[in-house]
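Notes for the one structure printed next.
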Ligand code: SF4
């Protein structure tokens with residue numbers, strides 16, 4: 001069996017940057033709190049915990065006093081910064097610059113009085129951060145069916161969580177335009193009575209992977225997709241891989257591999273999410289080669 005690791009998979013640069021910032025801090029002080037899991041990958045978290053990283057929840061901010069707190073790549077709402085300041089907690093801000101930029105753009109539209117729509121998952125940390133920049137007024141939608149939550153008589157802007165899929169984003173945009181046109185009985189987008197903008201803020205680090213992942217999945221008899229079960233990006237990419245290759249299996253670590261998955265296979269591809277470390281995929285490759 002020939003086993004390949006997808007060279008376009010693994011940590012995106014935003015996650016590499018966050019982990020680098022955490023490791024630098026840990027090298028200096030051997031103690032750092034991460035507000036929420038630093039990445040959605042338990043194996044990588046374990047590696048960082050061995051260096052002194054501890055994961056905490058927002059409620060823990062009220063009691064900790066003796067260490068710095070890392071803001072992970074997903075970012076946080078303004079409320080978190082305000083509370084940390086009140087409590088005298090030093091924050092190490094490792095928000096991905098791509099996310100920071102989207103937060104700023106959302107804020108500008110919010111300040112101009114726009115209704116903010118975010119295509120994303122309402123419980124995802126990045127979305128909670130984005131919504132926080134609108135005093136929690138943004139409306140989160142995850143499908144075309146949820147457009148009805150919006151009041152299309154208002155000036156509206158549509159943004160996206162960085163790891164969502166582009167196809168659905170554009171379907172939502174098209175449907176909103178269609179409904180506004182129908183409601184106000186106008187012929188063209190330019191004639192629409194309300195101002196509507198669609199800002200496609202899906203991260204290039206994620207969307208560029210789709211096409212390559214499709215090719216890679218088709219080119220192997222069996223695909224092993226490695227990601228944390230909580231990874232939103234992992235779920236999206238796994239679904240893409242499986243749609244191209246039905247013999248695609250999702251695992252978090254090498255312990256979950258099953259010998260029967262590889263029966264009759266000549267080639268195996270290993271791919272992962274933006275939160276999957278390269279070293280873990282290489283380790284899994286070694287395990288499969290011995291199966
Ligand atoms: S996927 Fe993009 S936005 Fe998200 S952390 Fe990575 S680089 Fe940043």
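The values are calculated or read from the model by the stated rules, or taken from the named source; none is laboratory data. These numbers come from a predicted model, not from an experiment. Because the Cβ atoms are built from the backbone with ideal geometry, glycine has one as well, and the counts that use them run over all protein chains shown.
Remarks
- Residue in region 52-61 that is at pLDDT 95 or above, away from the ligand (no atom under 16 Å from the Cβ) and under 17 Å from residue 228 (Cα atoms) present: yes
- Filtering region 218-240 to residues that are more than 16 Å from the ligand (Cβ to nearest atom) and crowded, with 19+ Cβ neighbours inside 10 Å leaves 220, 222, 223, 224, 225, 226.
- Residue count for region 269-282 under the criterion of being in a helix (DSSP H, G or I) and within 16 Å of residue 1 (Cα to Cα): the result is 1.
- Just one of the listed residues (24, 86, 62, 44) is out of contact with any strand residue (DSSP E or B) (no Cβ under 7 Å at 6 or more places or on another chain) and surrounded by 18 or more Cβ atoms within 10 Å (Cβ to Cβ), and it is 44.
- The residue list 91, 70, 150 contains one member that is surrounded by fewer than 21 Cβ atoms within 10 Å (Cβ to Cβ) and in the same structural domain as residue 37 (by TED's automatic domain parsing), which is 91.
- Screening region 104-123 for residues that are surrounded by fewer than 22 Cβ atoms within 10 Å (Cβ to Cβ) and within 16 Å of the ligand (Cβ to nearest atom) and picking the one that is farthest from residue 21 (Cα to Cα) gives 121.
- Among the candidates 256, 215, 244, residue that is crowded, with 16+ Cβ neighbours inside 10 Å, in the same structural domain as residue 274 (by TED's automatic domain parsing) and modelled with pLDDT of 95 or more: 244
- Checked against the criterion of being in contact (Cβ under 8 Å) with a residue 60 or more places away in the chain and closer than 21 Å to residue 233 by Cα, the candidates 15, 19 yield just one match: 15.
- Cβ-Cβ distances below 7 Å connect the following pairs, each with a first residue in region 147-168 that is within 16 Å of the ligand (Cβ to nearest atom), a second residue that is in a helix (DSSP H, G or I) and modelled with pLDDT under 95, and a separation of six or more residues or different chains: 162/206; 163/206; 163/232; 163/233; 163/236; 165/236; 166/207.
- Helices (runs of 4 or more DSSP H) wholly inside region 96-214 that include at least 3 residues being within 30 Å of residue 245 (Cβ to Cβ) and under 16 Å from the mean Cα position of the chain (by Cα): 166-184
- Residue in region 18-31 that is part of a helix (DSSP H, G or I), away from the ligand (no atom under 16 Å from the Cβ) and under 22 Å from the mean Cα position of the chain (by Cα) present: yes
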